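Notes follow once the structure below has been shown.
The values are calculated or read from the model by the stated rules, or taken from the named source; none is laboratory data. As the structure is a prediction and not an experimental result, all values here were calculated from the model. Glycine gets a Cβ as well: all are built from the backbone with ideal geometry, and neighbour counts include every protein chain shown. These area figures cover heavy atoms from the full protein model, side chains too; ligands, DNA and RNA do not enter into them. Shrake-Rupley method; radii C 1.70, N 1.55, O 1.52, S 1.80 Å.
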Amino acid sequence: MLLANYHVHSDYCDGKNTLEEMVKAGIAAGLISMGLSSHFPLPFANDWTMKEENVEAYLNDINDLKTRYASQIELYCGMEIDFFIDRQDISDLAKVVRPQLDYTIMSIHAMGITTGDAVSYIDESPQDFEKGLKKYYRGDTRKFIKDYYQSIEIMAKTFEPEILGHIDLIKKYNQNNCFFDENEDWYQETVCVCLDGIAETSTRMEINTGANMRTPGVGRYPSDWMIPEMKKRNIPITVGGDSHSVEGIVYEYNQAEKYLAECGYREYWVLKKGRWEAQPLGV
Ligand SMILES: [Zn+2]
Ligand SMILES: [Zn+2]
């Protein structure tokens, strides 16, 4: 059984439950180590991340929960921080707050220009994704995908986040290959170049099990074919539910653990007593 979850949202951002409800769900599911990782505030208007003025309360609330639940679960304070393709950077505020966190998940959600408030997203809706492709890439999906994976690699090399979030989020609305075909050579080669780069860093890649819960049919991030490629490169992994509600706390964990073992993974990384340690897979 997988014993950790480092990708947990709450009502500080777009999650449905409070931090405490998520912690209780983690304990009930038998987790021994759990990281809370609300979406970090963005430098433009949006309705899905934490507000800048709430950062301090978030840090304090998690500190309080750590103490109150210390005998039942190890809790860690994280955030999911956005890297921006157009800036090739994270926000200034993220750089200030990051040292106060126990760990960071870094992800890309936005596409195109992020200096105004009219931002397009990879994961908001198929319409918004298509609009972004047309607006910023003249509909050249391949160009976008290459930019995206190159940016993921630069993000890993520049910031070495403790966890790289959902590497192939761009497939979220690609059911029936309506935007691209990930079986094509150019796609898999693009991903493999990115994995080569990640393997040179200390960053762990997240096995994100929550995708099907929010968008049925997506599968998992990363796609099944990528896991053996990651293993070949000895890229360390963590597990995360990308849980936005108590129901998602260990969503599809058993299936993920079984598949990781089939691909030759023998361990995943967990925070124990404040340090990252390899934990054997229990299958
Ligand atoms: Zn995310
Ligand atoms: Zn998330």
task = Considering the options Gly219, Thr141, Gln175, tell which one lies farthest towards the positive end of the dipole of segment 4-280, charges being +1 on Lys and Arg and -1 on Asp and Glu at the Cβ, about the Cα centre.
result = Gly219
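By average Cβ neighbour count within 10 Å, what is the ranking of 246-253, 161-168 from highest down?
161-168, 246-253
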key: Nearest-20 debye value, the chain charge dipole, Cβ charges on Lys, Arg, Asp, Glu   = 400 debye
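In whole Å and largest first, what semi-axes does the C-alpha gyration tensor of segment 55-120 yield when each eigenvalue is scaled by 5 and square-rooted?
Each semi-axis is the square root of five times an eigenvalue, giving 30, 11, 10 Å.
Starting from the exponent 0.38 and prefactor 2.2 Å, build the expected Rg for segment 97-138 from its residue count and divide its actual Cα Rg by it.
The reported ratio for this selection is 1.48.
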task = Multiply the residue gap between Lys231 and Asp128 by 0.36 nm, knock off their C-alpha separation, and tell me the result in nm, one decimal place.
result = 33.7 nm
inquiry  = What does the net charge come to around Pro99 if you take all other residues with beta carbon closer than 14 Å to its beta carbon, with K and R at +1 and D and E at -1?
reply    = -2
ask   = So what's the gap between the Cα centers of segment 75-120 and segment 201-225, to the nearest angstrom?
value = 19 Å
ask   = Among the DSSP beta bridges whose two residues both lie in the chain, what percent are antiparallel, rounded to the nearest 5?
value = 30 percent
key: Amide H contacts of Ile237 (H built 1.01 Å from N, under 5 Å, at least 5 apart or other chain)   = Met205, Trp269
remark   = The percentage of the accessible area of the chain (probe 1.4 Å, all protein chains present) made up of carbon and sulfur atoms, to the nearest whole number, is 47 percent
Solvent-accessible area per residue, Å², over the chain with all protein chains present [probe radius 1.4 Å] = 42 Å²
note = With label points set 7 Å from each Cα along the Cα-to-Cβ direction at Gln150 and Asn176, the distance between them in nm comes to 3.2 nm
query = Rg to Rh for the chain: what is it, with Cα atoms only and Rh by Kirkwood?
reply = 0.94
inquiry  = Spelling out what I want: for every residue of segment 79-84, take phi, set θ = phi - 60°, compute 6.51 cos²θ - 1.76 cosθ + 1.60 (Karplus), and round to whole Hz; glycine and proline get x.
reply    = 8, 9, 9, 8, 9, 9
request  = Report the full-extension gain for the segment Leu59 to Lys135: residue separation times 0.36 nm, less the Cα-Cα distance, to one decimal in nm.
outcome  = 23.6 nm
